[in-house]
Amino acid sequence: MGLTTIGGLPAHPLLVHLVVVLVPISALLLVLAVCWPAARIRLGLAPAVIALITLIAVPVTTDAGEWLEKQIPEDPLVQAHAELGDQMLFWSIGVFVLAATWWILHSTRFAAWRADPPDTSTSPKVWRVVVIAVAALSVLVAAGSVLQVYRIGESGAKAVWSDQLG
């Protein structure tokens, strides 16, 4: 069993705040690293590290949410929220993989390979295609992850507040 309560309170509503902050930060750092070379140099490994922390926080939060879901009466709004929440892991995996890939592609080992590529005329072209593909995918996945965390939060708020607001 994972982390279910903190100080006697359900852990999910508390952990959600961590994910709500980390997902957009991870996405922003990835986009900055991909789109702004000066930021890439200054950020270094930070986008991948923050994305890894996010990747760890998401299933911990989801697990706490699943525990909380079992503690309350069945509600279609809560079920919809849980289904959206389960999808966040895939977005977080994508952001982490792309942030790590981007860092690897721009690490010193690959920089040395780019400076002295193998004796094929297609290497620079292949390199450009790979970098552009990873960059485009990074921007799309980063935007998707922020949109998904918004959708999850909105559905969670509806599930919590729908009865109170009538």
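Read-outs throughout are calculated quantities, based only on the coordinates presented, and are distinct from any laboratory measurement. Keep in mind that this is a model prediction, so the values were computed, not measured. Cβ coordinates were reconstructed from backbone atoms using ideal geometry, including for glycine residues, and neighbour counts include every protein chain displayed.
In the chain, the longest principal axis of the Cα atoms and the axis of helix 11-35 are about 20 degrees apart.
Candidate values [x] 16.6; [y] 15.9; [z] 17.5 were compared with Kirkwood radius over Cα pairs in Å computed on the shown model; the agreeing label is [z].
For ALA39 and VAL160 in one chain, what is 0.36 nm times their gap in residues minus the Cα-Cα distance, to one decimal in nm?
Once the chain is fully extended between ALA39 and VAL160, it gains 39.6 nm.
Helical content alone sets the calculated 222 nm signal of the chain at -29500 deg cm²/dmol, taking -39,500 (n - 2.57) per DSSP H segment of four or more residues and averaging over every residue. With the simple spin-label model, which puts each label point 7 Å out from Cα in the Cβ direction, the TYR150 to LEU18 separation comes to 2.5 nm.
For region 1-116, the relative contact order works out to 32 percent when only alpha carbon pairs closer than 8 Å and six or more residues apart are counted.
Considering only GLN71, GLN79, GLN87, give the residue with the highest GNM mean-square fluctuation for the chain, with springs between Cα atoms whenever their separation is below 10 Å. The residue that fluctuates most here is GLN71. Compared with the dominant Cα axis of the chain, that is its longest principal axis, helix 46-71 is turned about 20°. For the chain, the longest principal axis of the Cα atoms and the long axis of helix 76-105 meet at an angle of about 20 degrees.
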